[in-house]
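Everything on this sheet refers to the single structure shown next.
Quick note: the coordinates plus some simple rules give every number you see, no bench work behind them. In this text the structure is predicted, and so the values were computed from the model without any measurement. So basically every Cβ, Gly included, is an ideal-geometry build from the backbone, and we count neighbours across all protein chains shown.
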Amino acid sequence: MACILTCSLTAQIRDSISYPVVIQFNSECCGVPSDTPLKNYVKAFRKKYKIKKITALHVGPMGKEGEYWLAFSFKELSRKQAAVFTRGLKLITAKLKDRGSATLVENTAIVHSDLPVRALPERVNL
């Protein structure tokens, strides 16, 4: 019985992971906005702070038009770098409106059991 409780709690803990920043790419009829400005910002940030890679969790497809999320854990960044990076992400996501929108959500948990069946979490290096 103890194993059942422990195994169940462990599964629940792993099912939900908190992220300091999640960017949600949303569609409003014709697909999601281009992520090129975001990738350019990440590349410039990495170069400025001499960071080898910034990893995000790509979760998608969330819907029928290519919606997806990018969840950042900031494991590669110091607290100061994470704060600067977040401010830059806020500016970039506010400008992503060409075929949909992007929304930045801070301090949120992704519950894997609540995701659409087709949505696959995949680590990506930016």
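Under 18 Å from a label point set 7 Å out along the Cα-to-Cβ vector of Lys50, the amide N atoms of segment 71-87 belong to 76-82.
Placing +1 at every Lys and Arg Cβ and -1 at every Asp and Glu Cβ, with all other atoms neutral, what dipole size does the chain have around its Cα centre, in debye to the nearest 20? Can you show the working numbers first?
Numbers: 20 positive and 10 negative charges, 196 e Å.
My answer is approximately 940 debye.
Rounded to the nearest whole Hz, the Karplus-based 3J(HN,Hα) values (6.51 cos²θ - 1.76 cosθ + 1.60, θ = phi - 60°) of segment 77-92 follow the sequence 10, 6, 4, 5, 4, 4, 5, 5, 4, 5, 4, x, 4, 4, 5, 5, with x at glycine and proline.
Here the average projected area of the convex hull drawn through the C-alpha atoms of segment 17-125 stands at 6.4 nm².
If I stretch the segment between Lys43 and Cys30 completely, what's the gain in nm (0.36 nm per residue apart, minus their alpha carbon distance), one decimal?
Values: separation 13, 0.36 × 13 = 4.68 nm, distance 2.72 nm.
My answer for the length gained is 2.0 nm.
Looking at the chain, identify the longest residue range that excludes and avoids all trypsin sites (Lys or Arg not before Pro) in DSSP loops having at most 11 other Cβ atoms within 10 Å. Spell out each step's value before the answer.
Working: sites that count: Lys50, Lys52, Lys53, Lys64, Lys75, Lys97, Arg118.
So the longest stretch without any such site is 1-49.
Each of His58 and Thr108 was given a label point 7 Å from its Cα along the Cα-to-Cβ line. The distance between the two points is 1.9 nm. Cross-linked pairs Lys52/Lys97; Lys47/Lys95; Lys52/Lys90; Lys43/Lys64: Cα-Cα separations exceed 27 Å for Lys52/Lys97; Lys43/Lys64.
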